[in-house]
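The values are calculated or read from the model by the stated rules, or taken from the named source; none is laboratory data. Since the model is a prediction, treat every value here as computed from it, not as a measurement. Neighbour counts are summed over all protein chains in view; Cβ atoms, including those assigned to glycine, are modelled from backbone coordinates with ideal geometry. Heavy atoms of the whole protein, side chains included, go into the accessibility calculation; ligands, DNA and RNA do not. Shrake-Rupley method; radii C 1.70, N 1.55, O 1.52, S 1.80 Å.
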Amino acid sequence: MRKKLVVANWKMNGTSADIGAMLTAMQKDSVILNQIDVSVCVPAVFLSNMHAACGPLPISWGAQNVSDKAAGAFTGEISAQMLCDVGCSTVIVGHSERRLYYGENNHWVAQKWLATRKTALTPILCVGESLSEREKGQTLAVVMAQLDAVLKITTAKEFAHTVIAYEPVWAIGTGLTPTTNEVVSVHTALREHLVKQYDSATSQTVRLLYGGSVKGDNAAQLLTLANVDGGLIGGASLKYDTFSPIYKALI
Ligand code: 13P
């Protein structure tokens, strides 16, 4: 049985005080947080504070991006090893905003993903189609091409216990969500694809998250579907009052 996972993606929002306020409020939910996995992905400049800020909270933290390089003259980049050094457990790789605004293509995303596997970080590989791709019936082709770029350079052993987040681009920050049938159909296809590429045992270790306009009032519906192991949450993850109902809906 895969443990549910809820990941907060703060994107380029918030202050260290905002993070502290949310984590302090979350202390009262320790009993709940012990039953699921929660990881908070904050802007990189705040990561070195997270160990102290989380205190005894049973949660992990992570980054929103990582370099494909291990070290060297790559101004402004942050390596997977550096993220481990400041206590990160997770890292979001290939978010659609990075693909769209920073030119990350499938090949580059796959190299970043591979860099994380040389460390103890768990990558959260984001896949998802645009509205026009969905309208043209290309959803599965797009999502599988994004996944295949990684699968073709990795082994079943390296892929096991990682995370894939299905985030339809048109659902991010828009208040729109796919129907439950649409979510199940993509997630089931992802799981079956992993069985075909590797084997059933490997596929069963991979957690598949849904992301895109998840809120307290739709979390129970969207995040407990077949083959949905939790969620990747943007806007609603920025405040305790909007984030906590999401993880509480999974208990
Ligand atoms: P929203 O939850 O704000 O739609 O963002 C989803 C997302 O992009 C998480 O990575």
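In this structure, VAL186 does satisfy being assigned to a helix (DSSP H, G or I), of a type in the set (Val, Ile, Thr) and either more than 12 Å from the ligand (Cβ to nearest atom) or surrounded by fewer than 16 Cβ atoms within 10 Å (Cβ to Cβ) (or both).
Per the conditions (1) over 13 Å from the mean Cα position of the chain (by Cα); (2) polar (S, T, N, Q); (3) within 16 Å of the ligand (Cβ to nearest atom), the sole criterion not satisfied by THR122 is (1). Can you tell me which residue is surrounded by the most Cβ atoms within 10 Å (Cβ to Cβ) among those in segment 1-19 that are among the hydrophobic types (A, V, I, L, M, F, W, C) and outside any strand (DSSP E or B)? That would be ILE19.
The residue that is nearest to the ligand (Cβ to nearest atom), counting only those in segment 199-237 that are assigned to a loop (DSSP other than H, G, I, E, B), open to solvent by less than 50 Å² (accessible area, probe 1.4 Å) and more than 13 Å from ARG2 (Cβ to Cβ), is GLY234.
Of note, SER39 satisfies the criterion of being within 15 Å of ILE246 (Cβ to Cβ) and not in a loop (DSSP other than H, G, I, E, B). If the condition is being more than 20 Å from ALA145 (Cα to Cα) and part of a helix (DSSP H, G or I), then segment 78-115 contributes ALA80, GLN81, MET82, LEU83, CYS84, ASP85. For the structure I just gave you, tell me whether LEU194 is within 16 Å of the ligand (Cβ to nearest atom) and either among the hydrophobic types (A, V, I, L, M, F, W, C) or open to solvent by less than 50 Å² (accessible area, probe 1.4 Å) (or both). No: the conditions fail for LEU194.
Filter segment 81-105 for residues that are away from the ligand (no atom under 12 Å from the Cβ), more than 11 Å from THR119 (Cβ to Cβ) and not β-branched (Val, Ile, Thr); which is surrounded by the most Cβ atoms within 10 Å (Cβ to Cβ)? Result: GLU104.
For segment 158-181, the candidate set comprises residues that are open to solvent by 40 Å² or more (accessible area, probe 1.4 Å) and away from the ligand (no atom under 16 Å from the Cβ); within that set, the residue that is nearest to THR90 (Cα to Cα) is HIS161.
Results for (1) more than 16 Å from the ligand (Cβ to nearest atom); (2) under 16 Å from ALA115 (Cβ atoms); (3) among the small types (Gly, Ala, Ser), shown as yes or no for each residue.
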site: LEU33; (1), (2), (3): yes, no, no
site: ALA53; (1), (2), (3): yes, no, yes
site: VAL66; (1), (2), (3): no, yes, no
site: ALA73; (1), (2), (3): yes, no, yes
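Of the residues making up segment 139-178, those that are part of a loop (DSSP other than H, G, I, E, B) and over 14 Å from the mean Cα position of the chain (by Cα) are LYS152, ILE153, THR154, THR155, ALA160, GLY173, THR174, GLY175, LEU176, THR177, PRO178. For segment 60-68, indicate whether the set of residues that are closer than 19 Å to ASN9 by Cβ, in contact with a His (Cβ under 8 Å, 6 or more places away or on another chain) and surrounded by 19 or more Cβ atoms within 10 Å (Cβ to Cβ) is non-empty. Yes, because at least one residue in segment 60-68 is closer than 19 Å to ASN9 by Cβ, in contact with a His (Cβ under 8 Å, 6 or more places away or on another chain) and surrounded by 19 or more Cβ atoms within 10 Å (Cβ to Cβ). Looking at the structure I just gave you, is ILE251 open to solvent by 20 Å² or more (accessible area, probe 1.4 Å), among the aliphatic types (A, V, I, L, M) and closer than 13 Å to LYS4 by Cβ? Yes; evaluated as a whole, the condition is true for this residue.
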